[in-house]
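What follows is a set of notes on a single structure, which appears directly below.
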Amino acid sequence: MCGIVGYVGTKKASPILINGLKRLEYRGYDSAGISTIEKDGISLMKDMGRVKNLENISGINDLEGTIGIAHTRWATHGKPSKENSHPHMDNSKKFSVVHNGIIENYESLREDLKSKGYTFYSDTDTENIPNLIHYYYTKYENEKGIERFLKSVRSACLDLKGSFAIEVICSDFPDNMIVVRKDSPLVIGKAEGENYLSSDIPAILSFTRTFYLLDDYEFAILSKDDVKFYDKDLNPVNKEVKSIEWDAVGADKNGYEDYMLKEIYEQATSTRETVGTRFQGPKTAFEELDFTKEYLSSLTRIYIVACGTAMHAGLAGKTVIEKLSKIPTEVDVASEFRYRDPLVDEKTLCIFLTQSGETADTIAALKLSKEKGAKTLAISNVIGSSITREADLSIYTHAGPEIAVASTKAYTSQVVLMNVLAIYMSEVLENNDQKYLDSLKEEILELPEKVEETLKISESLKDFARQVYQEKDVFYLGRGVDHAIATEGCLKLKEISYIHSESYAGGELKHGTIALIEKGITVIGVLTDKNLVKKSISNLQEVITRGAKTLIITNQKDLDTKAFDVVVTIPESNTFISPVLAVIPLQLFAYYVAKEKGLDVDKPRNLAKSVTVE
Ligand code: M6R
């Protein structure tokens, strides 16, 4: 999705902005641009394609301005083109604006502005914004100083329907920038004698680790030494500064060829961080949660709502939460949940899983659940992310920054955290033998070593990737939690290697899919649930008989594996946490296949790291 960077200080803004945009490249984009305030007015430079193209625009190194805004665009309204890329300026060239989000009423706004004499050069929804600001600026001509600028931005924003994070500069105020957000992320990084702005913390992490988080309809006026905040009615607001524990090294490749590979290899550390000190006492520590035995006993249902990989982590988490709490638990895709009028009331606990905490559908699903009276719990990786500010309760995965578009360590940390949560809930409910719960804790504490071992074992898949990388279709099979794991592995292959792949519950094979199995087709089986392994093997036999080549991922030591072409045996674990280990070979397999194809694994085509629009 689009990325925003901004700078106000004493240094030349353009190199800082470009550096920030490069750090946002992982979000996915099709064009990039910057505006700075120069002695002779606002400069505007933008181009299609990579930030590198922007960097090569002649004259960009001559920019002297110490205040500027920058953007990477991921096309929504209007095709990728130089004209449609941001920043956008108003007709008088007094204002320059970058915007993330979607303006839903852009057509009526455009018609209205046209009727007032404004002209448009792009197909974007964003171009309305600088013109609307200009329109109000002329209306507020009697206002003095920065008030006039602020009021104009506010009035323009009140006309907008949809989601937005906006940065505005104005040639009349060369020392200031105004920013505002609604349903789209924006953070202000505070440093000595300079302030930074970004849609995403990693972009400015090398400059500062102290941040202000803007709430919906909060406006901020930035100068080099100061940030002033205002609410929707322009009353001044005091804002607390937050410190972020992530460091810039954590957001760098650290010697790895790609972020994805680095993040796969970080999973021993990240899963350890997820557990933290929660198991140090006799009972699981969750100070952030206020669950009582009475409350949990009153629940008739738990929903786990998420998108993509987070939803797959939810499928894995459902097993442990339902088994230990004994409360019926359902997993829903956020984009479906929000429109299907779900049965949610005060007897429902709704858990929202999201790495970024900014996924538009997941946030909308949370708001709906709140309206219906449910308690909402956000599980996110990003401290202070939008969802955590909406939810009744929030807990963090502490996996560290995840930059690669394909989610890996966030998934494993989400699965671990749901295990820890399930144990905590069971302790509050007092519904399972404590010895049994303690044994589950032991297994979770042993996970990081097993993750290390699994990483080593999985490296053998490089060879298999070489056999598969030119194929058109790959099938994944599993039953129970193994189906959930297979589905996540299947998504990984799809998104970074562009190979069509499907994941099936083993028993479903005969009901149609087996028609697609022919000689040479690759089928990957996940076999970790000992109660279902035999059933899955029967399904795999069915595809072997029809000529399929098979890879199996298993933790069953005494399995007869002669029939399979490649076998990856991972360390044993209980089925609640087996997704953490079994997904690793699947992540690495997808990675190796994509590398064999020579693809950019960190920035797969058409995908964005956080999907902040519907
Ligand atoms: O930030 P979130 O966890 O809410 O993101 C949800 C999905 O967009 C995300 O998991 C996506 O499916 C990944 N690209 C998968 O690797």
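Bear in mind that the values in this text are calculations on the coordinates, not laboratory data. This structure is a prediction, so every number in the text was calculated from the model and none was measured. Because the Cβ atoms are built from the backbone with ideal geometry, glycine has one as well, and the counts that use them run over all protein chains shown.
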Cα principal axis extents for the range 418-506, largest first, Å: 53, 27, 20
Rule-of-thumb Rg ratio for the range 376-442 [Cα; 2.2 N^0.38 Å; N residues]: 1.30
In Hz, Karplus ³J(HN,Hα) per residue of the range 421-430 (6.51, -1.76, 1.60; θ = phi - 60°; x = Gly, Pro): 4, 4, 5, 4, 4, 5, 5, 5, 6, 6
Mean Cβ neighbour count within 10 Å, used as a protection proxy, ranking 173-183, 269-279 highest first: 173-183, 269-279
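How would you order 213-220, 560-567, 419-426 from highest to lowest mean count of nearby Cβ atoms within 10 Å?
Values: 213-220: 19.4, 560-567: 14.4, 419-426: 24.6.
Going from most to least packed, we get 419-426, 213-220, 560-567.
Helix-derived [θ] at 222 nm for the chain: sum -39500 (n - 2.57) over DSSP H runs of at least 4, divide by residue count, nearest 500?
Value at 222 nm, helices only, nearest 500: -11000 deg cm²/dmol.
Give me Y469, Y476, Y504 sorted ascending by neighbouring Cβ count inside 10 Å, so fewest comes first. Before the final figure, lay out the partial values.
Working: Y469 17, Y476 26, Y504 22.
Least crowded to most crowded, the residues run Y469, Y504, Y476.
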Degrees separating the helix 13-23 axis from the principal Cα axis of the chain, which is the longest one: 20 degrees
Inter-centroid distance (Cα atoms) of the range 62-129 relative to the range 359-391, Å: 30 Å
The range 596-612 and the range 185-254: distance between their alpha carbon centers, rounded to Å: 27 Å
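Using Stokes-Einstein with the Kirkwood hydrodynamic radius over Cα pairs, what translational diffusion coefficient do you get for the chain at 37 °C and a viscosity of 0.692 mPa s, in µm²/s rounded to a whole number? Let's see the in-between values first.
Numbers: Rh = 25.5 Å.
Estimated via Stokes-Einstein, D reaches 129 µm²/s.
Please order H77, H88 by the number of other Cβ within 10 Å, starting at the fewest. The partial results should precede the final answer.
Numbers: H77 15, H88 28.
By the 10 Å Cβ count, ascending: H77, H88.
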Column: log10 I(q)/I(0), Debye, Cα scatterers of the range 3-244, q = 0.11, 0.15, 0.17 Å⁻¹: -0.49, -0.96, -1.29
Measure of compaction for the range 251-445 (Cα Rg per 2.2 N^0.38 Å): 0.99
Ranked list, fewest to most other Cβ atoms within 10 Å of each Cβ, for I485, I544: I544, I485
Per-selection metrics, the range 458-596 (Cα): Rg and Dmax in Å: 13.3, 36
